[in-house]
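Novice: I have a structure I would like to understand better, so I am pasting it below and will then ask my questions one at a time.
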Amino acid sequence: ASDPKNDANFLLHQKADDSNGKLDRGLAEHVGVPDEFADWHWATQLNQARAVTYAIDHYRRWWPRTAGAIIWQLNDCWPVTSWAAIDCEERPKPLWYAMRRAFAPRNVVFASENGILSVVLLNDTDHPWRGELRLSREQLDGEILATTTVQVNVEPRTATPIALPDAVSHPQDRTIEIVVVRIEGVTRVHTFVEDIELALEADPLDVLVEPTHDGYAVTVTASSFARDVTLLAERAASDATVDDALVTVTAGQSATFRVRTKAS
């Protein structure tokens, strides 16, 4: 069978120097390079979303030295491999959802400098952000290894770093442990190694699908850490849209996606 990734028509719509080679090198150290085209296509979009998120997080946490980023290309007008966030059929790519999350007025991001792991609370609103920041070091299966809480009061239009205590930031086994930060419905996770080194479960999700008036509610529950869960609903129904993507679910937690479609 022909390889879609190296098909002449596909490559015609790939204008970057070294085209797929550049994408493969970008994948290799993070998630690996899948053999199947559908998996490779997904992995490139995932890697794009993570890379742009990393940059936005970096710029925002350096406020007021830098305050964010400007989107260079929002959408495509023809089928092409590109850095756009919306494809030529007006479907949001994973990047679109990632940017919506990264640009949220209030956000929590991780920073690691000089061997010190910190969280930075970003408050780009007109009001103070007060609450309880819950920090934990957990295994992928949900076992809690260390916890602490911090009362925070982040002034308007500021970025406030908080260094994590050693009990939370120093793992015993980097391949099975993560740091989880929670505040006011926001959950963020730091991994100590790349995905290709994490001891991830192959099938960590239970899925419940329920019909709604305009489509379906899809609830996923994690028995083990599941990172960047995304429904590629348009592969099942061309008109399907989903309200969120790239949702990270820790063991024992659930997330519900709203799928809108006329398909039954």
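The values are calculated or read from the model by the stated rules, or taken from the named source; none is laboratory data. Keep in mind it's a predicted model, so treat the numbers as computed, not measured. Virtual Cβ from ideal backbone geometry, glycine too; neighbours counted across all protein chains shown. Please note that ligands, DNA and RNA were not included when accessible areas were found on the heavy atoms of the full protein model with its side chains. Shrake-Rupley method; radii C 1.70, N 1.55, O 1.52, S 1.80 Å.
Novice: Among Ile178, Ile162, Ile71, determine the one that fluctuates most according to a GNM of the chain built with springs between C-alpha atoms less than 10 Å apart.
Specialist: Ile71
Novice: Leaving out ligands and nucleic acids, note down the accessible area per residue over segment 1-54 with a 1.4 angstrom probe, in whole Å².
Specialist: 62 Å²
Novice: How large is the accessible surface per residue of segment 124-261, computed with a 1.4 Å probe and reported in Å² as a whole number?
Specialist: Here the per-residue accessible area is 52 Å².
Novice: On a straight-distance basis, which aspartates and glutamates could pair with Lys262 in a cross-link, Cα separation under 20 angstrom, same-chain partners fewer than 8 positions away excluded?
Specialist: In chain and number order, the partners are Glu89, Glu90, Glu210, Asp214, Glu234, Asp239, Asp243, Asp244.
Novice: If you place +1 on the Cβ of every Lys and Arg and -1 on the Cβ of every Asp and Glu, how big does the dipole about the Cα centre of segment 26-93 come out, in debye to the nearest 20?
Specialist: About 580 debye.
Novice: Could you check how much of the accessible area of segment 64-123 is carbon and sulfur, as a whole percent, using a 1.4 Å probe?
Specialist: 59 percent
Novice: Per the Kirkwood treatment, what hydrodynamic radius in Å, one decimal, follows for the chain from the mean inverse distance over all distinct Cα pairs?
Specialist: Averaging 1/r across every pair of different Cα atoms and inverting gives 20.1 Å.
Novice: While we're on this one: How high is the FRET efficiency between Glu184 and Leu232 when r is their beta carbon distance and R₀ equals 30 Å, given to the nearest 0.05?
Specialist: E(calc), rounded to 0.05, equals 0.50.
Novice: Taking all protein chains as present, what is the carbon and sulfur share of the accessible area of segment 160-202, in % to the nearest whole number, probe 1.4 Å?
Specialist: Percent of accessible area from carbon and sulfur atoms in segment 160-202: 48.
Novice: Among Asp17, Asp57, Asp244, which one moves the most in a GNM of the chain with springs linking Cα atoms closer than 10 Å?
Specialist: Asp17
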